[in-house]
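In what follows, a single structure is set out as structure tokens and then discussed.
The values are calculated or read from the model by the stated rules, or taken from the named source; none is laboratory data. The shown structure was predicted, so the numbers you read here are calculated from the model rather than taken from an experiment. So basically every Cβ, Gly included, is an ideal-geometry build from the backbone, and we count neighbours across all protein chains shown. These accessible areas exclude ligands, DNA and RNA; they are computed on the full protein's heavy atoms, side chains included. Shrake-Rupley method; radii C 1.70, N 1.55, O 1.52, S 1.80 Å.
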Amino acid sequence: MTTSGEQRRRGEPVRGVEGERSWGGMPPWLPRAMVLFLVLVGLFQLADWAFRQLIDLFVMLLVAFFLSLALEPAVDRMAARGVRRGVGTFLVFVAVGVAVVGFLAALGTLLVDQVAKIAGDLPHLVDNLIGWVNRTFHQELSLGELQKRLLKDSGTLETYVQQAADNVWGVSSTLLGGLFQTFTVGLFTFYFTAEGPRVRRTVCSLLPPAKQGEVLRAWEIALAKTGGYLYSRAVLAVVSAAGHWVMFALIDLPYSAALAIWVGVMSQFVPTIGTYLAGALPVLVALTLEPVDALWVLVFTVVYQQVENYVLHPRITARTVDVHPAVAFGAVIAGAALLGAVGALIAIPAAATLQGFVGTYVRRYEVATDPRIDRGEQRRARRELRREAARRLRRMVGGDGG
């Protein structure tokens, strides 16, 4: 007869004194499962912490990768002519840097001059503001009284100055961090561009031969779409800058070249709101001189935008980045929600790459004519048939009458 102790050692159920079934202790696999669960939870928390700490690095690598895709076609052309890839990448970087510095210098000159003009006109503007307040609210304010009140509240002003100083320190720290991130992105971009073939070979060496062709195909699509997006935007920016420069020169707007460059760059390389930011600055500059000129600038900007959307943009981007406007708008919103301004900038080339890659593998079938699909088209076709029949009838009646 088997005793209860032997049953407990074997893990078999035993009956107690009252006849109830019970288990003779903890199952042997439960402690190991609990330890394994705790280890997995710890590893997950560690991975989550590491990912959060490295998210900025991942974003910089992503930006550098897309920038290298945009710059690599130019380097490939130079390499095909015998130029070493490192030297070609350096020359491309110098050209881009000169363009960026020239753009910032032109805008800096415009900003400094406009600030100096506002500072020179500040007393006159303050007098006009005081007169408007007195007329509107029936007050008797004067510049001397305002100065006394400001001196009386010197403690408050001191507090504001201290807060401004603290904000300047914070802005300085942010600026230094931004410069470091820019340097990091530039360094990775240079490496990805100059060592493009080696990077692709390294990535493919980690995959089986059956997957290497798919990765290279996706890489080529991304290279073509991103480079095409950048170059098409650059062409549109040049055309936009030239057209606006002619308009600004005709109305004798100050700094017409700098404002035209601002409009061209902002309207093409800042998604969604770039057009509005581009047109706002020249309108404000024109308002300081002549309100009628501001109206002309606004009208020309709106008209040119329509011409660009319906004439220039489809023709220039038809062979480079063929993305529907609705898809591009949705991609920008999704990119901004995921990665902020960086995601908004790379959203359109990423969407074009995904669309091109999916289009390569998704099989499409011919759709038969169905009234449930093209309802409006069928009505339009019937109207055209009725109009053609009416024209033929008029010609027949006119011929008989002749």
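For the stretch 210-257, a residue qualifies if it is of a type in the set (D, E, K, R), more than 18 Å from the chain's Cα centre (by Cα) and over 23 Å from L295 (Cα atoms), and the qualifying residues are K211, E214, R217, E220.
If you check F66 against the conditions, is it touching a Ser or Thr at 6+ places or on another chain (Cβ under 9 Å), part of a helix (DSSP H, G or I), open to solvent by 60 Å² or more (accessible area, probe 1.4 Å) and modelled with pLDDT of 75 or more? Spelling it out, it is not the case that F66 is touching a Ser or Thr at 6+ places or on another chain (Cβ under 9 Å), part of a helix (DSSP H, G or I), open to solvent by 60 Å² or more (accessible area, probe 1.4 Å) and modelled with pLDDT of 75 or more. Do we find that S173 is under 23 Å from I55 (Cα atoms) and either within 41 Å of the chain's Cα centre (by Cα) or modelled with pLDDT under 80 (or both) in this structure? Yes.
Sub-8 Å Cβ pairs linking a first residue in the stretch 313-334 that is over 16 Å from Y231 (Cβ atoms) to a second residue that is open to solvent by 70 Å² or more (accessible area, probe 1.4 Å) and at pLDDT 65 or above, at least 6 apart or interchain, are V327/Q355, ordered by first then second residue. Taking helices (runs of 4 or more DSSP H) as the structural unit, those lying wholly within the stretch 247-318 and holding at least 2 residues that are out of contact with any Asp or Glu (no Cβ under 8 Å at 6 or more places or on another chain), modelled with pLDDT of 80 or more and open to solvent by less than 70 Å² (accessible area, probe 1.4 Å) correspond to 256-269, 274-287, 291-307.
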